[in-house]
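Reviewing the structure listed below.
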Amino acid sequence: MKILIVNPPFYRLQRASLVHYPPGCCYMAATLEEAGFHALIYNTDYDPNIKTILGNTNHINVSALTELSKEYARRLQDDNDPIWREIYDYIYHYKPEVLILSVFSTTATAGERIARMAKQIDFRVLTIFEGSTNRGLHCAIDPSKNISFDYMNFAIRKEPEFTVVEIVKAIASNETDFSCIKGISWKRQDGEIVHNQDSPPIEDLDRLPFAARHLLDGYENMPPHAFQGIYGSRGCPFDCIFCGCHTSFGYKPRQRSAKNMVDEIAYVFNRFGTRYFYVCDDIFFINKDRAHEFCHLLKERHLPVYWSAQTRAEMADETILKLMKEAGGQHVSVGVEVGNPEIRKLVKKGNTVDDVRNCARLIKKHGLYMVAFCIIGLPWEGKKEIEDTVNLIKEIDPYIVYPYLATPAEGTELAKIMHEKNPGGLTEFRDRCHVDTSA
């Protein structure tokens, strides 16, 4: 069976390139490979002529991204854009029997367009959509609510890795009834849409094989830093109203073991030559014992690698930061969010401005660099509240700051609040992200 997994374009529509393996695609390819199926991954968002993480677009300079939002919207709908011809030709020549599309809020329309192309090329191709993984500027979505079943045969709700294997096994066995597969929505042959019951979360994340970077088409020509992401946990117990993490992964933190994560780092270093890694956990320091073990294992193995991670401000302490530095740590990303104490309470951040100040002081004390995430444009903010955030950022003086525009992502409390404030008038945030000023 010929299986093609596609990461739809977003950055390339902005004259940039996603020089980072797409995790949703690579994890599904890995579980399929483990089950005896071969899946090829086509990252349509990667331009081999652009070798930096985000190519010509300066991710640190928000205006560099916002200036391209209109071009992105135009190219997304332009049937004559070269990127759509490239994707059409690729699918036409590869001739997949099963097409899997890993989408986000920003790539739902692009994914739908690709599925439509595939159906035009061969109406028999079966299309599977998943939209669980949060990464960077992208928000997870439920494909069953966001993609037309005119072009979609199956939608995977929440975690896709083992569910996609069940679907492909059933297809390979010529099954036509998929009622027993939890966590999917699907279209019967008579056109009826069926929503099966939810699948339980994957409790033991060590069961997952390492993301199949080697199944990316053209991985041999990608730079080593393209393989740096280490995804070590799922779920967050906090209630920040702007974050959509829980919509896919729930509130209960589930974590890979420290050994499993370090094993992946060693494997990626040895196979791909990657020397720098980013631990993509929402809150790496939430389990101090695991964080300590992770650092000790890196030191014991004498791996010549460097790494960074992200955490909440109140969870950084002397011991873990000192150990992180000794184990090759480089920078710590922190959700500063806002500088006004009252706005901080309204967004349910759960920590204080003083926590941020103390965190910044400790990070610098131990020779690490701080990266600060902040939000501008929340519904209660005026000039003074935004200035409070700007002044806090100036005070803590991070190495890098990422200022994002408040975006009411699907399933978040912020989206509910915005809808209540303006019933029927909430801007559709599909195809938009946290640096898009056109919304």
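The values are calculated or read from the model by the stated rules, or taken from the named source; none is laboratory data. On a predicted model such as this, the values are computed, not experimentally measured, just so you know. Note: ideal-geometry Cβ built from the backbone for every residue, glycine included; neighbour counts use all protein chains shown. We work out accessible area using only protein heavy atoms, side chains counted, and drop any ligands, DNA or RNA first. Shrake-Rupley method; radii C 1.70, N 1.55, O 1.52, S 1.80 Å.
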Angle between the chain longest axis and helix 161-172 axis [Cα atoms, degrees, rounded to 10]: 0 degrees
Pairs beyond 30 Å (Cα-Cα), from K259/K322; K145/K349; K158/K259; K322/K384; K288/K365; K322/K349: K322/K384
Per-pair calculated FRET efficiency, R0 = 35 Å: M1 and E71 via Cβ, rounded to 0.05: 0.40
Heavy atoms of K322: accessible area, 1.4 Å probe, square angstrom to 10: 110 Å²
Listed residue (Y151, L4, Y46) projecting farthest to the positive dipole end of the chain, Cβ model: Y46
Residue (of N260, T352, P408) at the positive-pole extreme of the chain, dipole from beta-carbon charges: T352
Rg and Dmax of segment 246-394, Cα atoms only, in Å: 16.9, 51
Cα pair count fraction exceeding 20 Å, expressed as % - segment 265-345: 36 percent
Size-normalised alpha-carbon gyration radius of segment 65-128, reference 2.2 N^0.38 Å: 1.19
Residues of type aspartates and glutamates that K416 reaches as a straight line, Cα spacing below 16 Å, ignoring anything fewer than 8 places off in the same chain: D239, E428
Distance in nm between pseudo-label sites at H38 and K259 (7 Å out along the Cβ direction from Cα): 3.3 nm
Charge dipole magnitude, Cβ of K and R +1, D and E -1 - segment 89-222, Cα centre, debye nearest 20: 300 debye
Computed magnitude of the charge dipole of the chain (debye, nearest 20; Cβ of K, R +1, Cβ of D, E -1): 600 debye
All-pairs alpha carbon distance profile, segment 133-230, 5 Å steps from 0, percent: 2, 10, 17, 19, 18, 15, 11, 5, 2, 0
Angstrom value of the Kirkwood radius, inverse mean 1/r, which spans all Cα pairs in the chain: 22.6 Å
Kirkwood Rh in Å, taken over segment 339-381 so that all alpha-carbon pairs contribute: 11.7 Å
Three principal axis lengths of segment 170-315 [C-alpha, angstrom, descending]: 58, 41, 25
Loop sites in segment 150-251: GluC sites (Glu not before Pro), DSSP, at most 11 other Cβ within 10 Å: E192, E203
Directionally averaged projected area (convex hull, Cα atoms, segment 149-202), nm²: 3.6 nm²
Between helix 353-365 and the chain: long-axis angle, C-alpha atoms, 0 to 90°, nearest 10: 80 degrees
